[in-house]
Amino acid sequence: MKKIVLITGATAGIGEATSHILAQNNFNLIITGRRNERLVSLKEKIENETDANVFILNFDIRNRTETEKALETLPENWNNIDILINNAGLAAGLSRIDNGDTDDWEQMIDTNIKGLLFISRLVSAKMIKRGEGHIVNISSIAGKETYPMGNVYCATKHAVQALTKGMRIDFLKYGIKVTSVAPGAVDTEFSLVRFKGDEQRAKSVYHGFTPLYAQDIAETILFVVTRPKHVNIDDILVMPTDQAYSRDFNREKG
Ligand code: NDP
Ligand code: 8X3
């Protein structure tokens, strides 16, 4: 029987690439996000190209009630989630604390920390009952270092690192694996979102060096979730060859 994996934030970037690679490797998928039309076309594409089954849950992870209601709609045969990939997340803005946009702060904290907690609470309760499961939290180099004006985003990803450790301790007795996957710069919609649609500014983030691509992180996630039952990858930092630490880039290519 195929394992069921729930991927949050499957409408773009790392979540979308992970959906494809897991579907190609014998998993059935629950895909989530706010942009329903993207979820519908992703389901159609995956079901046409692989023998995976895909179930859509369309909700805003910042909203606890919406998240709970969405999970309640899962039919019996989709209820036993084997793997939860906490990927939905974002950075909004880049500014000093004294002139930071408080709406941006709330969006990052609500998505990257509270959203991750809301869904983890629901899914882990069922994993504990079954005595097995795997939670993969998408952290960041920003969860390990703080860079200028990245204050709140970095804080949310440091929280993801702390929550990963906390979950691992809490779930130790219940056979549940918990992993953090922390990427460096990945060329996705991330910077477009951070800079609110400013394409030039988003493009400049990846200028002159070869970044990671979503596929690179999807391949890492595939590796992490296909280890034998007795092996857990605790924490994996994946960087572009052209990036050292959070703000040192070899931009000699451009
Ligand atoms: P994208 O912007 O390409 O994708 C982000 C995904 O998160 C989308 O599917 C989006 O779906 C979803 N999402 C955002 N807000 C919400 C919300 N409120 N409710 C539900 N879903 C939401 O970025 P990435 O693929 O790069 O980012 C994925 C993860 O990787 C994030 O946690 C990010 O912090 C992390 N990361 C990214 C790096 C990078 O350089 N790109 C590096 C390190 C970590 P929708 O808008 O449809 O709701
Ligand atoms: C995303 C990468 O370096 O912009 O987590 O924070 S970075």
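Structure notes:
- Taking every DSSP helix (H) stretch of at least 4 residues in the chain, weighting each as -39,500 (n - 2.57) and dividing the sum by the residue count yields a mean residue ellipticity at 222 nm of -12000 deg cm²/dmol.
- Between ARG35 and ARG247, the modelled labels are 3.0 nm apart [label points 7 Å from Cα along Cα→Cβ].
- Paramagnetic label zone (point 7 Å from Cα along Cα-to-C-beta, THR146; backbone N under 17 Å) in segment 239-254: 246-247
- Angle in degrees between helix 13-23 and the longest Cα principal axis of the chain, rounded to the nearest 10: 30
- Alpha carbon centroid spacing (whole Å) that separates segment 208-254 from segment 33-65: 25
- Simple rule: put +1 on each Lys or Arg Cβ and -1 on each Asp or Glu Cβ in segment 3-249, find the dipole, and look at THR73, MET239, LEU90; the Cα lying farthest toward the positive end is THR73.
- R0 of 41 Å, Cβ-Cβ distance GLU44-HIS207: FRET efficiency to nearest 0.05: 0.75
- Principal semi-axes in Å for segment 158-249 [√(5λ), Cα gyration tensor, largest first]: 30, 15, 12
- As a ratio to 2.2 N^0.38 Å, the alpha-carbon radius of gyration for the chain is 0.97.
- Peptides ranked, highest mean first, by Cβ atoms within 10 Å: ranges 156-163, 103-110, 73-80: 156-163, 103-110, 73-80
- Per-residue HN-Hα couplings for segment 73-78 [Karplus 6.51, -1.76, 1.60; θ = phi - 60°; Hz; x = Gly/Pro]: 7, 5, x, 3, 6, 10
- Hits among lysines - C-alpha to C-alpha of LYS43 under 19 Å, sequence gap 8 or more where chains match: LYS2, LYS3
- Degrees, to the nearest 10: 214-225 long Cα axis against longest axis of the chain: 40
- Distribution of pairwise C-alpha distances over segment 201-254, 5 Å bins, in %: 4, 16, 22, 19, 14, 11, 7, 4, 2, 0
- In segment 140-203, the alpha-carbon atoms span a convex hull of 93 Å³ per residue.
- Share of alpha-carbon pairs per 10 Å distance bin for segment 1-136, given as whole %: 12, 42, 31, 11, 3, 0
- Of all DSSP-defined beta bridges confined to segment 3-249, some 5% are antiparallel rather than parallel.
- Within a straight-line Cα-Cα reach of under 13 Å, LYS144 can be paired with the following aspartates and glutamates, leaving aside sequence neighbours fewer than 8 residues apart in one chain: ASP235.
Every number here is computed from the coordinates shown, using simple stated rules; none is lab data. Just so it is clear, the structure is predicted and the values come from calculations on it, not from any experiment. Here the Cβ is made from the backbone with ideal geometry for all residues, glycine too, and neighbour counts use every protein chain on show.
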